[in-house]
Amino acid sequence: MHKKIRIKYSRPWLLILWLRLHGMKPKEGAVYTFGSTVYAPSQLPDHLITHERRHTIQQAGFLGPERWWFRYARDPEFRLSQEAEAYGDQVMWVRDRVNRRHALKHLFGVADLMASPMYGGMCDQERARASIQDWCQQQARSTDTTAKAKKVAMATSSIPSTN
């Protein structure tokens, strides 16, 4: 299982300065993850915790948060891939809990945010939306494959061995 996320209600000023130096314009209420610590200005809704949990997983798989943030700040394509995964998880969380119209509105809203100066102009709204949808589709295929493999394993476990 993954590490428990710790939420600190403060701003990581050095990280914000680092991002500004690399052309990003973080919003006043932005949330940041460094390792298993999430820096937030106030209480987070569950869909944002889902988003930040993905960044925790990404950073752990990238030899730590320092290297992840270094690449994130300097490489717009890497930044896009990481945010598409995190916003994809967030959109799937929302999609599972609201009607289709609200889920689409959320998708377009986060795609607008990804295309904003907050992320340093890494992409336009259409590419952001397509990247998020691609991630969601990959996750759906992965889940379908895992479910099918479990069904096959269960079905074949009841077949007597010929040994």
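Residues T33, T56, T146, T50, arranged from fewest to most other Cβ atoms within 10 angstrom of their Cβ, appear as T146, T50, T56, T33. Relative contact order of the chain: 20 percent, from C-alpha pairs under 8 Å at least 6 residues apart in sequence.
Within the range 12-92, list the GluC sites (Glu not before Pro) lying in a DSSP loop whose Cβ has at most 11 other Cβ atoms in a 10 Å radius.
E28
What the Cα atoms of the chain give is an Rg and a Dmax of 18.5, 67 Å.
Cut-off 10 angstrom, C-alpha nodes, Gaussian network model of the chain. Which of Q137, Q58, Q82 fluctuates the most? So, out of Q137, Q58, Q82, the one fluctuating most is Q137.
Ordered by the number of other Cβ atoms lying within 10 Å of each residue's own Cβ, fewest first, S142, S36 fall into the sequence S142, S36.
From its DSSP helices (H runs of at least four residues, each -39,500 (n - 2.57)), the chain gives a residue-normalised ellipticity at 222 nm of -21000 deg cm²/dmol.
In order along the range 128-144, phi translates into HN-Hα couplings of 4, 4, 5, 5, 5, 5, 4, 4, 4, 5, 4, 5, 5, 5, 4, 5, 4 Hz, rounded to whole numbers, per the Karplus curve 6.51 cos²θ - 1.76 cosθ + 1.60 with θ = phi - 60° and x for Gly and Pro. Against the chain, whose longest principal axis comes from its Cα atoms, helix 100-114 is set at around 50 degrees. When the scattering of the range 59-119 is computed by the Debye formula from its Cα atoms alone, each counted once and equally, what is log10 I(q)/I(0) at q = 0.12, 0.15, 0.18, 0.25 Å⁻¹? For the range 59-119 at q = 0.12, 0.15, 0.18, 0.25 Å⁻¹, log10 I(q)/I(0) is -0.36, -0.53, -0.70, -1.00.
Between A111, A103, A84, the residue with the greatest mean-square fluctuation in the GNM of the chain (Cα pairs under 10 Å linked by springs) is A103. Structure remark: mean-square fluctuation, Gaussian network model of the chain, C-alpha springs under 10 Å; the largest value among H102, H55, H47 belongs to H102.
No value in this document is a laboratory result; all are computed from the given coordinates. Because the structure is a prediction, the values reported are computed rather than measured. When we count neighbours, we look across all protein chains shown, and the Cβ atoms used for this are built from the backbone with ideal geometry, even at glycine.
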